[in-house]
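Readers should treat all values here as calculations from the given coordinates under stated rules, not as data from a laboratory. On a predicted model such as this, the values are computed, not experimentally measured, just so you know. Here the Cβ positions follow ideal geometry from the backbone for every residue, glycine too, while neighbour counts run over all protein chains shown.
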Amino acid sequence: MARIPIKELKKDIVLKTTLCGTPFTFHTTWGLFSPEKIDEGTMALLEHVVVKEGDAILDLGCGYGALGIPLAKLASGGTTHMVDKDFVAVEYAEKNALLNNVKNVEVYLSNGFDQVPRDTRFDTIVSNLPAKISKEFFWILFEEARQRLSPGGTFYAVTIAGLRRFVERNFKTIFGNYELLASKGTYFVAKAQNNS
């Protein structure tokens, strides 16, 4: 059997892409979500999220920054928080923000909302929700998202098609509303608003 090229595999993977009308370069690595290309769910969410120039944004589970960095560029007058529980993801998100000259970001480790400053409110929260977490953790994330949104703020989520009814039911229970924005094959994009 041929030797596995470990030295090559440990080098950064470099992606060049256009998101929200702007060219970006991302460095990724094996072990992070979708390291070889921007996944379809992320692309679909970016097509449907609406942000204003001065918005405060939270990218919940930011990975290497494919959602948060383009949104921070759109909302250049606001601050985008990018959080992940994986220290490697946080390292790459920080690196990619610098690489793409996006300065209005704060990137840090957080398991859900546990390290997000308690007094910080967001106009927009986005998340590419992982499929393999417990329903209890989803409930925590959804409720804390509602609490951290400014009045009228929006939570946008993309996840696998198999969770569509679960998300719909729980958005309606927790936020009192739900809107399906896109559904294609294996994933869907939905939003809920904080109307309190």
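Key figures for this structure:
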read-out: Residues of region 152-189 satisfying the condition of being hydrophobic (A, V, I, L, M, F, W, C) and closer than 19 Å to G68 by Cβ; value: F155, A157, V158, L181, V189
read-out: Region 77-112, residues that are without any contact (Cβ under 8 Å) to a residue 60 or more places away in the chain, out of contact with any Cys (no Cβ under 7 Å at 6 or more places or on another chain) and farther than 25 Å from E53 by Cβ; value: K85, D86, F87, V88, V90, E91, L109, S110, N111, G112
read-out: Subset of region 128-147 (residues that are surrounded by fewer than 22 Cβ atoms within 10 Å (Cβ to Cβ) and not hydrophobic (A, V, I, L, M, F, W, C)); value: P130, K132, S134, K135, E136, E143, E144, R146, Q147
read-out: F166 vs. criteria of a type outside the set (V, I, T), within 15 Å of the chain's Cα centre (by Cα) and in a helix (DSSP H, G or I); value: no
read-out: Enumeration of residues in region 9-67 that are β-branched (V, I, T) and either surrounded by fewer than 19 Cβ atoms within 10 Å (Cβ to Cβ) or at positive phi (or both); value: I13, V14, T17, T18, T22, T25, T29, V50
read-out: Region 181-196 residues that are free of Cβ contacts under 8 Å to residues at least 12 places away in the same chain and of a type outside the set (K, R), paired with ones that are in a strand (DSSP E or B) and surrounded by 22 or more Cβ atoms within 10 Å (Cβ to Cβ) (beta carbon under 9 Å, 6 or more apart); value: none
read-out: Every residue from region 86-103 that is closer than 19 Å to L74 by Cβ and in contact with an Asp or Glu (Cβ under 9 Å, 6 or more places away or on another chain); value: A93
read-out: Filter result (part of a helix (DSSP H, G or I), of a type in the set (A, V, I, L, M) and touching a residue at least 24 places away in the same chain (Cβ under 8 Å)) within region 1-56; value: M43, A44, L45, L46
